[in-house]
1. Identify, from the list G234, G249, the residue that is surrounded by 16 or more Cβ atoms within 10 Å (Cβ to Cβ), at positive phi and under 24 Å from the mean Cα position of the chain (by Cα).
2. Inspect all residues belonging to the stretch 211-230 and state whether any of them is assigned to a strand (DSSP E or B), in contact (Cβ under 8 Å) with a residue 60 or more places away in the chain and within 23 Å of K326 (Cα to Cα).
3. Find the residue count for the stretch 36-68, including only residues that are away from ligand 1 (no atom under 16 Å from the Cβ) and surrounded by 18 or more Cβ atoms within 10 Å (Cβ to Cβ).
4. Can you give me the number of residues within the stretch 287-317 that are in a helix (DSSP H, G or I) and either without any contact (Cβ under 8 Å) to a residue 24 or more places away in the chain or within 13 Å of ligand 2 (Cβ to nearest atom) (or both)?
5. Can you tell me which residue in the stretch 69-87 is nearest to ligand 1 (Cβ to nearest atom), limited to those that are of a type in the set (A, V, I, L, M) and under 20 Å from V97 (Cα atoms)?
6. Tally the residues that are within 26 Å of I297 (Cβ to Cβ) and either of a type in the set (D, E, K, R) or open to solvent by 20 Å² or more (accessible area, probe 1.4 Å) (or both), restricting the search to the stretch 1-15.
7. Could you look through the stretch 16-30, keep only residues that are closer than 23 Å to P148 by Cβ and out of contact with any Gly (no Cβ under 9 Å at 6 or more places or on another chain), and pick out the one that is surrounded by the fewest Cβ atoms within 10 Å (Cβ to Cβ)?
8. Might you let me know whether the stretch 22-33 holds any residue that is more than 16 Å from ligand 2 (Cβ to nearest atom), in a loop (DSSP other than H, G, I, E, B) and under 17 Å from P109 (Cα atoms)?
Amino acid sequence: MDKLKAELLRGLWYVACLGSEIKPGAMTGRKLMGDMVLIGRDKAGRIFALRDICPHRGIPLRHGTFDGETVQCCYHGWRFNTEGVCVDIPSTHEDQVIDYSKITCGAYPAIEQQGLVWIYFSAAGERPDEGRQPRPPMLPDFAADTGPAVHIMQPFVCSVDHAALGLMDPTHAAFVHTSWWFKKNATKLRPKRKEFEPSELGWAMVRHKLPPQNIAYRLLGDDVTTEIRYALPGLRIEHIKGSRHSVVGLTTITPVTEDETEVRQMFWASMGWIRPFKPLVRHLMNTFLGQDRRVVIQQREGLEYNPRLMLINDADTQGRWWMQLKREWADSQAEGRAFQNPVRARVLRWMS
Ligand code: FES
Ligand SMILES: [Fe+2]
């Protein structure tokens, strides 16, 4: 692990934004995975993503216009369709023959699913249907057209590695997430014992019962259980299920560059009565995530000096798995062989 920068994994789907952020006929420019990406929605409602650099003189296409079918560059008016292929060069004289279809700004595969826009960042020359992750992961219990009940995003000034290590770190909560409504202080740490097993592109904290005395869980019915999965390229999926309702929480870590990251937290809930509580829940989620964000800003002060870092057993074992998974993903891709999940089933114990 480089202290400040992270290797960005390719050949995977990343969450780019919420589908609701882009209306039909609109486009927006984003920096993701160190690339300039133009995300738009055509007149028919279909999402697309292009490389946001005009192949003529390099100006970002976001400065141009979109009529719901083609994007027109603001500099000399070249037009590109939603596949990124040039369809018009206004300066072409009628005697001149140019095969526009040979000119392209480049496109990224994009899919809208469960309210999220996912973009595929391919490994060199590979298409998603030939890659190892042909589609973004589908969250359990909710239909493909059901978006999250609540969603927040905060930019983190750190690499995906530090954002991910913080996300899967079970022992910082008592020190970092101190509020009147959550753990008050670090004086009452309790022993924890959880079972883990390998799962697709990551690992899972095996499904287990949640304390029935907890009011929040009782709202979901009887026999409330949870499973937490972590998967490349930086996803945490928590699936809480009771006899009456289920809730899915998703956290995504999308690299903006090697040392800037977008962290999103959102959840899907089957209970309709959650609606009036959304502003409160959003506020609490922002407070909680803001505490993580503050820590990485403070951490950066030390990381600038390139210190040696440590990952200890068992508190940081998940952090180790994350680094091993990333290494194996990159190595298997470079060597052109199948990915082999390095995680083995085991029990982890810690105090938190
Ligand atoms: S720079 Fe885009 S058309 Fe010339
Ligand atoms: Fe945290």
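1. G234
2. Yes, some residue in the stretch 211-230 is assigned to a strand (DSSP E or B), in contact (Cβ under 8 Å) with a residue 60 or more places away in the chain and within 23 Å of K326 (Cα to Cα).
3. 8
4. Qualifying residue count, the stretch 287-317: 14.
5. Among them, the one singled out is V87.
6. 7
7. K23
8. yes
The values are calculated or read from the model by the stated rules, or taken from the named source; none is laboratory data. All values derive from a computational prediction rather than experimental measurement. Note that each Cβ is placed from the backbone with ideal geometry, even for glycine, and that neighbours are counted across all protein chains shown. Accessible surface is based on the protein model in full, side chains and every heavy atom, while ligands, DNA and RNA are left aside. Shrake-Rupley method; radii C 1.70, N 1.55, O 1.52, S 1.80 Å.
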